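Bear in mind that the values in this text are calculations on the coordinates, not laboratory data. These numbers were taken from a predicted model, which means no experiment stands behind them. Cβ atoms come from the backbone with ideal geometry, glycine included; neighbour counts cover every protein chain shown.
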Amino acid sequence: MDFRLSHTHHRFLLKLHFQLRRLKIVARDGNWQAIIAKHGEAMWLKVKDKFEASGMRQHVLQALVVDTMQTLFRAWKTRLYADYSLYDTDEERLSHRPNDVTPEDWVFLVEHFGSPAFKAMSERNKLNRGKQTTKHSCGSKSFAEVEESTYKLLSIIRGPTPRNCGSTTI
């Protein structure tokens, strides 16, 4: 299947999401760094076999793919936490497993989301967000991350800009 990245970004993201799900990445695999260490090469090869991005260097495409997959993975885990939060007890949570999560993964996630370490991190993050003077609606990305990802995407679509002209990395 030939796929031109510069023409159909939404299709690319949707297909990338399905590729990520087909790789059987599970919540028990840990954080994104652990997932990349375990599945990174297989993820890249599957995507590389499915898509062609004309006029783009391979390492640039690989960086875009990994970054996009990380965003999709974080969004998936955020949605799972929202599903977890709908119920008051672990028994209720376990009986309302999302369709796209295996029973083993859901048990793991219910334990993870209910752990003292996760709750402490969540509380710390809530307090830190409360201290922010400038609010934004970019989701979990900081202003700097949004700016950087925007420049990356624009440099891929339009080619070099004055900001990245002559740069060897994106």
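In this structure, R124 and E147 have a Cβ-Cβ separation that, at R0 = 22 Å, corresponds to a calculated FRET efficiency of about 0.30. Of all aspartates and glutamates in the structure, those lying under 18 Å Cα to Cα from K48, and not within fewer than 8 positions of it along the same chain, are D2, D67.
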